[in-house]
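The values are calculated or read from the model by the stated rules, or taken from the named source; none is laboratory data. Given the structure is predicted, the values throughout are model-derived calculations rather than measurements. Every residue, glycine among them, receives a Cβ derived from its backbone with ideal geometry; neighbour counts consider all protein chains shown. Ligands, DNA and RNA are excluded from the accessible area calculation, which covers all protein heavy atoms including side chains. Shrake-Rupley method; radii C 1.70, N 1.55, O 1.52, S 1.80 Å.
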Amino acid sequence: MRRLFALVMILWSCAFARDQFDAWITATEIPVMVHATSSEVRDRNGELLRAYTIEDGLWRMEVSADQVDPLFYDMLVAYEDKRFYAHPGVDLVATLRAAGQALAQGRIVSGASTLTMQVARLLEDGTTGRWDGKLRQMRLALALERRLSKAEILGLYLRLAPYGGNVEGVRAASLVWLGKEPKRLTPAEAALLVALPQAPESRRPDRHPEAARIARDRVLMRMAKAGVISKEAALAGHRDPAPLGRKPMPQVAPHLSDRALAEGAGRHDLTLDAGLQRGLEDLVRRHMAGRDDRLSMAVLVADYATGEIKASVGSPNYADTVGQGFVDMTQAQRSPGSTLKPLVYGLSFDRGLAHPETVIMDTPVQFGRYAPQNFDGVFRGEVSVRRALQLSLNIPVVRLTEALGPAHVMAALKSAGVQPGLQGGAPGLALSLGGVGVTLQELVQLYAGMARGGGAVTLQWRQGALDTPEERRFLSAASSWQLGHVLAGVTPPSTAGPSGRVAYKTGTSYGHRDAWALGWDGQHVAGVWIGRPDGTPVPGAFGGDLAAPLLFEILGRARVGDAPLPAPPPDVLLVSRAQLPAPLQRFGRDEDRRPLQVSFPPDGARLSLSEEGVPVKLRGGTPPFTLLADGAVIAHGMNRSEFTAPVSGLGFTTLSVIDALGRAGRVSIELR
């Protein structure tokens, strides 16, 4: 007690030796006041998506005055240092009172530590138990008050105050113990945040919840007596449940957050919409629950007018190791399946090779050693280009790719901002069927360009990161609108519900390794990918079955108000096939409509009759086909070029095939 009294006398003596006292304070060495804070990733509205600990796993977060509820400031000052705004760093009134009480009662009854002194202790990581330590804190507090404003001193307290465990500062404490930002606090929440720094370890809510509650309630009652809050508010705060443990720190958009952090520490402001991002992450998790653990899924949504990415989900579960959830599948190169077909058709429109009403042949064809087949193995004969795209037929799009030249398609991809991965040399005709590697983000970027009229747009995820170079155009506005009009005519999935018109395309890569769905409405473009990160097949996976229903739900969640597809540009040719110029009425060379031939069995062949019948292979012709044996119809309506003829009986037989245009092919064989 004598030491504390002597300390008071020393301070009073210093007051009379002002010059020497001022020099003593001025010479005070100020500790470093800049401290590392957690890197933060925020959405387009400033909402925290994810934060990262600093060294030693410590949570210490940057905080500004407007990020904290004013009620917390009122409580803090009233409880800890009611003359904070009046004293110069050391409260002589409180010090004299504390000394007098200690002398009178023989023990310390109340403290005299100001908020500025507490900041001084935090800056030096010092203790208050020794008189020399207390003297140092007083000297530093006086020096701080001369160099900093009261607001700056409070800012240091808000950032450095201990809150138990690896938590420092009011903002980190609010997120960890309350699960919310401190901008809006109830009286009970503010009281807890005032009480914890006094004994951060013995009042930790995760280890000593009852002690935390008692300390909180003590602050509430003191605040009611001080008039900071009403007595009713204090009693209501007593009834509020106190936290019993830690809340998880936000971990929204973990993959994209990691990409941002890789570019440097600090604050990163993204274009994402936190609400949409959380909703889609939950949607992906629910959709993949109960499925093969090795399956993953990725989703990306963008505003195609600006190129801003609104949501990016790299996997269903970032922490999953079985399904490689740590891999951001929006960035993985995969085979796009049929999702490049719209680009081929759009280029064909621009080149004057085709129009949506142009007739094109869906019949067997061979380009050198390459003989493309439709996904279902069925040939449909003459179809309109519109129908060929809507049915996602392979043979018509390969015919168009051959006419365009694969190099032209590849150049258009690059103009749209896609950097396709190609194994081997020059691109081949299989390019239009997915014979190239692209990422989900690149595909969404391609579709964003088609949605906005054929002008390339660079997708961005960082706010303010996009420059505005001269627009690159890879399709005309008329062709882009035609594509959207055709794709909006595809029947929506049965589970889509009322979602407005959506222009969309699905795709399934070779071996069922990737299921895709991409599309746009009047506001947003979106893409969905489902598959295994290791690239192994997923039996039974089809883009239309797995991914398309989700695409419609995703666009519905992103949509704000009505989102109609745009009206046609003035130069769009909206006519029937008969009104088209003659060269556009039908696509193809004369050899594409070559006569029907029976390529197997050869004429005059001797075959052993099996129980199934006779295998037959056709070349050319237009399905559907009708099969006759010795003039009698034995099968009709066949759309495939390979089938088994249900022939019975031994001996000589003439097999005849007639196509949809009346052309015939026949062979005579002997069955034994």
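Taking (1) in contact (Cβ under 8 Å) with a residue 60 or more places away in the chain; (2) of a type in the set (Phe, Trp, Tyr); (3) surrounded by 15 or more Cβ atoms within 10 Å (Cβ to Cβ); (4) more than 21 Å from LYS247 (Cα to Cα) in turn, TRP24 satisfies each apart from (3).
Taken together, the residues in the stretch 269-321 that are under 30 Å from THR37 (Cα atoms), in a strand (DSSP E or B), open to solvent by 10 Å² or more (accessible area, probe 1.4 Å) and in contact with a Lys or Arg (Cβ under 7 Å, 6 or more places away or on another chain) amount to 1. Scanning for something buried (at least 17 other Cβ atoms within 10 Å of the Cβ), among the acidic types (Asp, Glu) and out of contact with any Leu (no Cβ under 9 Å at 6 or more places or on another chain), does the stretch 197-215 turn up at least one residue? Taking every residue of the stretch 197-215 in turn, none turns out to be buried (at least 17 other Cβ atoms within 10 Å of the Cβ), among the acidic types (Asp, Glu) and out of contact with any Leu (no Cβ under 9 Å at 6 or more places or on another chain).
For the stretch 474-513, residues that are in a loop (DSSP other than H, G, I, E, B) and either touching a His at 6+ places or on another chain (Cβ under 9 Å) or among the charged types (D, E, K, R) (or both) total 2.
Candidates are the residues of the stretch 641-672 that are open to solvent by less than 40 Å² (accessible area, probe 1.4 Å), among the β-branched types (Val, Ile, Thr) and in contact with a Phe, Trp or Tyr (Cβ under 8 Å, 6 or more places away or on another chain); the one that is nearest to GLY620 (Cα to Cα) is VAL657.
Within the stretch 166-176, the set of residues being part of a loop (DSSP other than H, G, I, E, B) and either in contact with a Lys or Arg (Cβ under 6 Å, 6 or more places away or on another chain) or without any contact (Cβ under 8 Å) to a residue 40 or more places away in the chain (or both) comprises just one member, GLY169.
Determine which member of the set ARG532, ARG559 is of a type outside the set (A, V, I, L, M), under 24 Å from the mean Cα position of the chain (by Cα) and farther than 23 Å from THR439 by Cα.
After ruling out the rest, the residue left standing is ARG559.
Of all residues in the stretch 109-168, those that are more than 23 Å from VAL34 (Cβ to Cβ), open to solvent by less than 30 Å² (accessible area, probe 1.4 Å) and at pLDDT 85 or above total 2.
Would you say ALA578 is modelled with pLDDT of 85 or more, part of a helix (DSSP H, G or I) and open to solvent by 50 Å² or more (accessible area, probe 1.4 Å)? Please lay out each step first, then the result.
On the way: modelled with pLDDT of 85 or more: yes; part of a helix (DSSP H, G or I): yes; open to solvent by 50 Å² or more (accessible area, probe 1.4 Å): yes.
Against the criterion (modelled with pLDDT of 85 or more, part of a helix (DSSP H, G or I) and open to solvent by 50 Å² or more (accessible area, probe 1.4 Å)), ALA578 qualifies.
Restricting the search to helices (runs of 4 or more DSSP H) fully inside the stretch 337-454 and requiring at least 2 residues that are at pLDDT 95 or above and buried (at least 24 other Cβ atoms within 10 Å of the Cβ) gives 341-350, 385-390, 394-404, 440-451.
Scanning the stretch 538-564 for residues that are open to solvent by 60 Å² or more (accessible area, probe 1.4 Å), charged (D, E, K, R) and touching a strand residue (DSSP E or B) at 6+ places or on another chain (Cβ under 9 Å) yields a count of 2.
Number of residues in the stretch 177-187 that are surrounded by fewer than 23 Cβ atoms within 10 Å (Cβ to Cβ) and in a helix (DSSP H, G or I) equals 1. Which one of the conditions (1) open to solvent by less than 40 Å² (accessible area, probe 1.4 Å); (2) farther than 24 Å from LEU160 by Cα; (3) over 41 Å from the mean Cα position of the chain (by Cα) does GLY237 fail to meet, given that it meets all the rest? Going through (1) open to solvent by less than 40 Å² (accessible area, probe 1.4 Å); (2) farther than 24 Å from LEU160 by Cα; (3) over 41 Å from the mean Cα position of the chain (by Cα) one by one, GLY237 breaks only (3).
Considering the stretch 598-636, the residues that are within 21 Å of MET361 (Cβ to Cβ) and charged (D, E, K, R) include one that is surrounded by the fewest Cβ atoms within 10 Å (Cβ to Cβ), namely LYS617. When ALA260 is tested against (1) modelled with pLDDT of 95 or more; (2) more than 11 Å from the chain's Cα centre (by Cα); (3) farther than 30 Å from GLU55 by Cβ, exactly one condition is not met: (3).
Listed by first and then second residue, the pairs linking a residue in the stretch 447-458 that is more than 10 Å from ARG472 (Cα to Cα) to a residue that is aromatic (Phe, Trp, Tyr) and in a helix (DSSP H, G or I), with Cβ atoms under 9 Å apart and 6 or more places separating them unless they lie on different chains, are GLY453/TRP481. Annotation: ARG218 fulfils all but one of (1) within 23 Å of LYS82 (Cβ to Cβ); (2) open to solvent by less than 40 Å² (accessible area, probe 1.4 Å); (3) free of Cβ contacts under 8 Å to residues at least 60 places away in the same chain; the unmet one is (2). In the stretch 39-51, is there at least one residue being touching a Phe, Trp or Tyr at 6+ places or on another chain (Cβ under 8 Å), in a loop (DSSP other than H, G, I, E, B) and more than 14 Å from GLU168 (Cβ to Cβ)? Yes: one or more hits.
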